[in-house]
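Beneath this line is the structure, given in structure tokens, with notes to follow.
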Amino acid sequence: MRGPEIVTPADEFEPAATPELSPVPTQATEIQGGAVNIKKFTVEGSNYKFSPATIKVKKGDTVQLTFKSMDAIHDWSLDVFDAATNQIGEGEEEEIEFVAEKAGTFEFYCSVGNHRQMGMKGKFIVE
């Protein structure tokens, strides 16, 4: 046999404290105790050239690159990091993201037709 049930009015309980949330940083994200540096770049491709033609980052940086085609069909490719945009037409843009995990100087280029041979390439420097 069960004893009498004890009922406590709800207003006798204090609500649990709501923890305060801190803002999420925009340039660095905390992952497993270490900070990840995010570097953002916009690269324009036009008539056999890139602007800028040289990009510098530090080893371990996460790169967010927005590629804009200013005329015709172009793309942006960087083989060593398996990073590439699709081929896009005039006025279009595409964003890619990758980690610069190896130090050195590497060539990025446009893979459309003979654009690379015509000079549509640049330097990607990882210090």
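Find the residue count for the stretch 89-111, including only residues that are in contact with an Asp or Glu (Cβ under 6 Å, 6 or more places away or on another chain) and farther than 17 Å from Phe41 by Cα. The total comes to 2. Write out, first by first residue and then by second, each pair whose Cβ atoms fall under 6 Å of each other, whose residues are 6+ apart or on separate chains, and whose first residue, in the stretch 98-113, is part of a strand (DSSP E or B) while the second is charged (D, E, K, R). As it stands, the answer is Thr105/Lys123; Glu107/Lys121; Tyr109/Arg116; Tyr109/Lys121, since those pairs meet every condition given.
A quick yes/no check of all residues on (1) within 19 Å of the chain's Cα centre (by Cα); (2) surrounded by 15 or more Cβ atoms within 10 Å (Cβ to Cβ); (3) at pLDDT below 95:
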| position | (1), (2), (3) |
| --- | --- |
| Thr85 | yes, yes, no |
| Glu90 | no, no, no |
| Ile96 | yes, yes, no |
| Ser111 | no, yes, no |
| His115 | no, yes, no |
| Gly122 | no, yes, no |
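Looking at the stretch 22-36, is at least one residue modelled with pLDDT of 50 or more, within 14 Å of the chain's Cα centre (by Cα) and assigned to a loop (DSSP other than H, G, I, E, B)? No - not one qualifying residue is present in the stretch 22-36.
The values are calculated or read from the model by the stated rules, or taken from the named source; none is laboratory data. Keep in mind it's a predicted model, so treat the numbers as computed, not measured. Neighbour counts run over all protein chains shown; Cβ positions are idealised from the backbone, glycine included.
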